[in-house]
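Here is the structure we will look at, set down as structure tokens.
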Amino acid sequence: MSAFFAVPAPVVAQADNPSGLPLPRFVSTRSNPINVRVGPGTKYDIAWNYVVSGVPVEIIQEFDTWRKIRDADGSEGWVHQSLLVGTRLGYAAPLIANGEVAMRSNRSDEAGVRARLGAGAKVQIKECDGQWCEVSASQPGERSSYSGFVAQEELWGVYPDEIFD
């Protein structure tokens, strides 16, 4: 997975969006496996499958009960709305090639480092204030997790300056 992602800013909800929610917006996959289709309906061919749940994706278009999604690699396809959930997940996206993202103890570049996240490490995003996001992450195969704050610009799964809690 690439460490650098181009992310458009969200727009205001439009009347022609079936959900009435803003586009684009981030969500995650609810279950597995999920068929991603080339068009909005079961009559369309399956382009690929997600074989794990909890994949962060961006909804970029809506048609009836179908959502066109884009993943961190830029791949696009259609899934039924019931296969998505509003849980905010994301990936560590270091600004420096082959770098790491520092998870800090509070919202400051001077705060202590709780963990270092490699490019593509998945995090759960609790809230963002426009500059910092509170996140948690766990090592594969471990029960314990780390929580702290990551600079918002170093995450794929949130928009620049986006604020939510």
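Structure summary
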| item | result |
| --- | --- |
| Given (1) modelled with pLDDT of 95 or more; (2) of a type outside the set (S, T, N, Q); (3) within 19 Å of the chain's Cα centre (by Cα); (4) more than 27 Å from ILE59 (Cβ to Cβ), number of the condition CYS128 does not satisfy | (4) |
| For LEU83: the one exception among (1) over 30 Å from TYR44 (Cα atoms); (2) touching a Lys or Arg at 6+ places or on another chain (Cβ under 7 Å); (3) among the aliphatic types (A, V, I, L, M); (4) surrounded by 15 or more Cβ atoms within 10 Å (Cβ to Cβ) | (1) |
| Filter result (surrounded by fewer than 20 Cβ atoms within 10 Å (Cβ to Cβ) and under 23 Å from ASP71 (Cβ atoms)) within region 97-118 | ALA97, ASN98, GLY99, GLU100, GLY118 |
| Matching residues, region 46-77, being in contact (Cβ under 8 Å) with a residue 24 or more places away in the chain, surrounded by 14 or more Cβ atoms within 10 Å (Cβ to Cβ) and in a loop (DSSP other than H, G, I, E, B) | SER53, GLY54, VAL55, ALA72 |
| Qualifying residue in region 26-45 (condition: outside any strand (DSSP E or B), touching a Ser or Thr at 6+ places or on another chain (Cβ under 6 Å), outside the structural domain of PRO160 (by TED's automatic domain parsing) and of a type outside the set (Ser, Thr, Tyr)) | yes |
| Sole residue being touching a residue at least 24 places away in the same chain (Cβ under 8 Å), over 16 Å from the mean Cα position of the chain (by Cα) and assigned by TED's automatic domain parsing to the domain that holds TRP48, chosen from SER82, SER147, SER105 | SER82 |
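The rows are residues; the columns are (1) in a loop (DSSP other than H, G, I, E, B); (2) touching a helix residue (DSSP H, G or I) at 6+ places or on another chain (Cβ under 7 Å); (3) under 15 Å from ARG25 (Cβ atoms).
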position	(1), (2), (3)
VAL79	no, no, yes
ALA97	yes, no, no
VAL101	no, yes, no
LEU117	no, no, no
VAL123	no, no, no
TYR146	no, no, no
PHE149	no, no, no
GLU153	no, no, no
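The values are calculated or read from the model by the stated rules, or taken from the named source; none is laboratory data. This structure is a prediction, so every number in the text was calculated from the model and none was measured. Glycine also receives a Cβ, built like all others from the backbone with ideal geometry; neighbour counts cover every protein chain displayed.
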